[in-house]
């Protein structure tokens, strides 16, 4: 009887320890982070986001969050599966990077808070309701297209045309609303600047090489890397082809300058993710979204790639910050 009592007590203590461990585990918030594809530029946003969380007291090292990270590798069905997995795991929040992840997450949950980064405004993503309101569970950091005007205008001040009119090549993704919006905006701006925009649609990274080659046969003076997911994913292909054809590449993304573009005026991708992470920290600390709303990206800068500028003999203004990979 005595041994049996001891056994019962031991089992009871073990059960209590197990229940206590489960309770402790459930107190740790779970962050689901999804990248739509593999890309060294947008990866900087993830680094910034996690750094902000760590500074705010939330990291796996400190065992103050559980992180579930997934990358869809550019596959939309996989991206959908990832988001649905997050919902079944009942994650505390979903961090989305870039816009494709955000749009997919919004289609699959209206309850879990979504903290976006490297994404355009809700209006540009076409996710607002009939009253022009963003989804109630959408937070994080977005950008509009106003900065593209400055980025595109750099070309006419830095590149000397071969003929009488400066010809600038552009790829845009017809299936991405923000890419089409950027193309239309740049078309109007080019007309005002007296620049001829030579644009070609490309809807898949795999097609970028052929379409870029066709564009380079159009005798363009420069190439503008439109801020969309296809261009991000195919940038190494694009920059290689342009360099071989002696055509300088300009962009509106600082991360693409580090990867070989000549110059840009645009958001610092790391800081973009960091800003979204700071907002997520507020949510995690308060366990509430009260007072939170999506916000515009705060940090933009002029940057240039010294090696690329030298390759094309381009003199960049002194106020530009040099970046390298």
**OP:** Determine which single condition residue 163 fails, assuming it passes every other condition in (1) part of a loop (DSSP other than H, G, I, E, B); (2) over 21 Å from the mean Cα position of the chain (by Cα); (3) not assigned by TED's automatic domain parsing to the domain that holds residue 197.
**Re:** (3)
Original post:
For residue 144, which of the numbered conditions (1) surrounded by 17 or more Cβ atoms within 10 Å (Cβ to Cβ); (2) within 14 Å of the chain's Cα centre (by Cα) fails to hold?
Top reply: (1)
**OP:** Filter the range 246-268 for residues that are assigned to a helix (DSSP H, G or I) and touching a strand residue (DSSP E or B) at 6+ places or on another chain (Cβ under 7 Å) and give the result.
**Re:** 254, 256, 257
Subject >> Filter pass, residue 78 being at pLDDT 95 or above and surrounded by fewer than 12 Cβ atoms within 10 Å (Cβ to Cβ) >> reply: no
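Within the range 166-245, considering only strands (runs of 3 or more DSSP E) that don't extend past its boundaries, which have at least 2 residues that are closer than 13 Å to residue 148 by Cβ and touching a strand residue (DSSP E or B) at 6+ places or on another chain (Cβ under 8 Å)?
Values: elements: 167-172, 196-201, 222-225.
It comes to 167-172, 222-225.
Just to be sure I understand, how many residues within the range 299-325 are touching a residue at least 60 places away in the same chain (Cβ under 8 Å) and surrounded by 11 or more Cβ atoms within 10 Å (Cβ to Cβ)? Break it down into steps so the answer makes sense when it comes.
Taking the range 299-325 and keeping what is touching a residue at least 60 places away in the same chain (Cβ under 8 Å), we get 300, 308, 311-312, 314-316, 323-325.
If we keep only those that are surrounded by 11 or more Cβ atoms within 10 Å (Cβ to Cβ) too, we end up with 300, 308, 311-312, 314, 316, 323.
The qualifying residues number 7.
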**OP:** Could you pull out the residue among 118, 168, 159 that is within 30 Å of residue 282 (Cα to Cα) and surrounded by 18 or more Cβ atoms within 10 Å (Cβ to Cβ)?
**Re:** 118
Original post:
If you take the residues in the range 122-145 that are free of Cβ contacts under 8 Å to residues at least 24 places away in the same chain and in contact with a helix residue (DSSP H, G or I) (Cβ under 9 Å, 6 or more places away or on another chain), which one is nearest to residue 97 (Cα to Cα)?
Top reply: 128
**OP:** Just give me the residues in the range 148-170 being at pLDDT below 95 and closer than 26 Å to residue 36 by Cα, in sequence order.
**Re:** 148, 151
**OP:** Output yes when any residue across the range 273-282 is touching a residue at least 40 places away in the same chain (Cβ under 8 Å) and either over 23 Å from the mean Cα position of the chain (by Cα) or part of a loop (DSSP other than H, G, I, E, B) (or both), and no when none is.
**Re:** no
Original post:
Do any helices (runs of 4 or more DSSP H) entirely within the range 56-147 hold 3 or more residues that are within 17 Å of residue 36 (Cα to Cα), and if so, which?
Top reply: 76-88, 99-108
Original post:
Is there a residue being surrounded by fewer than 18 Cβ atoms within 10 Å (Cβ to Cβ), touching a strand residue (DSSP E or B) at 6+ places or on another chain (Cβ under 6 Å) and under 28 Å from residue 114 (Cβ atoms) anywhere in the range 284-292?
Top reply: yes
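The values are calculated or read from the model by the stated rules, or taken from the named source; none is laboratory data. The structure displayed is predicted, hence computed values, not measured ones. Don't worry about glycine lacking a Cβ; one is built from the backbone with ideal geometry, like all the others, and counts go over all protein chains shown.
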